[in-house]
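Could you have a look at this structure, given as structure tokens, before my questions?
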Ligand code: SF4
Ligand code: F3S
Ligand code: FES
């Protein structure tokens, strides 16, 4: 079948503004958008720039705006979106070249919620692990699936409006540690997400949940954090 691929192009070294280029390719309905981008790069224009690594939905590096919605290019098939495909960079980030954006501010926000395990207490007397029941683990399990692709944060209208908003990805990570019964820095993280750049900026738009390739119920997790700020209850 014939597939038309319209791709956002911008090279700041030579272009004064962006433009789109259109390519017509032979492909299959089972081709992924990443396969099509590789074809263009391999056979039409080797200067086309985009990020990718695992090609299997694990590394989170190929988040793109495809037909107006955020997806991982390696997870979306032609049969899911049709044969007229527009590919653009994710929104709200500085464009470095073509489909590559500067992810640094995204990771800066991520680091603000202290995304590591904090527990300075001595190990239990038997010297073994810090035990946790399956029920305690289930409370934060969904957030552990995040691959930091930024599909959520860059689909959020509150993030587009103010780039100092921590964003849903950082809040998912905050939830993952705040509700972990083994971690001891919940109150410190609660203070961080309660600042004006945190939970208050989420207006329950729900775009984040719809965009997440790992099907993490992001809006629900953010809601649990909001409730915890009111009740002070973390369990
Ligand atoms: Fe990507 Fe989902 Fe993690 Fe957001 S929560 S960064 S959409 S995996
Ligand atoms: Fe944004 Fe998701 Fe909240 S899209 S406004 S973080 S529910
Ligand atoms: Fe790794 Fe798509 S290339 S998630």
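We did not get these values from a lab; they are worked out from the coordinates using the rules stated. As the structure is a prediction and not an experimental result, all values here were calculated from the model. Because the Cβ atoms are built from the backbone with ideal geometry, glycine has one as well, and the counts that use them run over all protein chains shown.
Looking at the stretch 199-209, which of the residues that are surrounded by 15 or more Cβ atoms within 10 Å (Cβ to Cβ) and not in a loop (DSSP other than H, G, I, E, B) is nearest to ligand 1 (Cβ to nearest atom)? Spell out how you get there, then give the answer.
Filtering the stretch 199-209 for residues surrounded by 15 or more Cβ atoms within 10 Å (Cβ to Cβ) gives 199, 201-202, 205, 207-209.
Okay, now just the ones that are also not in a loop (DSSP other than H, G, I, E, B), so 199, 201, 207-209.
On the way: 199: 15, 201: 16, 207: 10, 208: 6, 209: 9 Å.
Restricting to residues being surrounded by 15 or more Cβ atoms within 10 Å (Cβ to Cβ) and not in a loop (DSSP other than H, G, I, E, B), the top hit is 208.
So which residues in the stretch 192-235 are at negative phi and within 16 Å of ligand 3 (Cβ to nearest atom)?
Step one: list which residues in the stretch 192-235 are at negative phi, which gives 192-203, 205, 207-214, 216-231, 233-235.
Passing the criteria: 211, 212, 213, 214, 216.
Kindly list, by first and then second residue, each pair from a residue in the stretch 57-71 that is at positive phi and without any contact (Cβ under 8 Å) to a residue 40 or more places away in the chain to a residue that is in a loop (DSSP other than H, G, I, E, B) and more than 11 Å from ligand 1 (Cβ to nearest atom), limited to pairs with Cβ atoms under 8 Å and residues at least 6 apart or on different chains.
Close Cβ pairs satisfying both conditions: 67/82.
Within the stretch 108-125, is there a residue that is more than 15 Å from the chain's Cα centre (by Cα), away from ligand 3 (no atom under 16 Å from the Cβ), surrounded by 21 or more Cβ atoms within 10 Å (Cβ to Cβ) and within 23 Å of residue 208 (Cβ to Cβ)?
yes
Within the set of pairs 6 or more residues apart or between chains, which connect a residue that is within 21 Å of residue 72 (Cα to Cα) and free of Cβ contacts under 8 Å to residues at least 60 places away in the same chain inside the stretch 204-225 to a residue that is more than 10 Å from ligand 2 (Cβ to nearest atom) and assigned to a loop (DSSP other than H, G, I, E, B) with Cβ atoms less than 9 Å apart?
208/151; 208/216; 209/215; 209/216; 209/217
Run down 215, 184 and say which single residue is assigned to a loop (DSSP other than H, G, I, E, B), closer than 27 Å to residue 133 by Cβ and within 14 Å of ligand 1 (Cβ to nearest atom).
It is 215.
Scanning the stretch 161-179 for residues that are within 12 Å of ligand 2 (Cβ to nearest atom), under 14 Å from the mean Cα position of the chain (by Cα) and in a helix (DSSP H, G or I), which turns out nearest to residue 111 (Cα to Cα)?
Looking at the filtered set, the residue picked out is 170.
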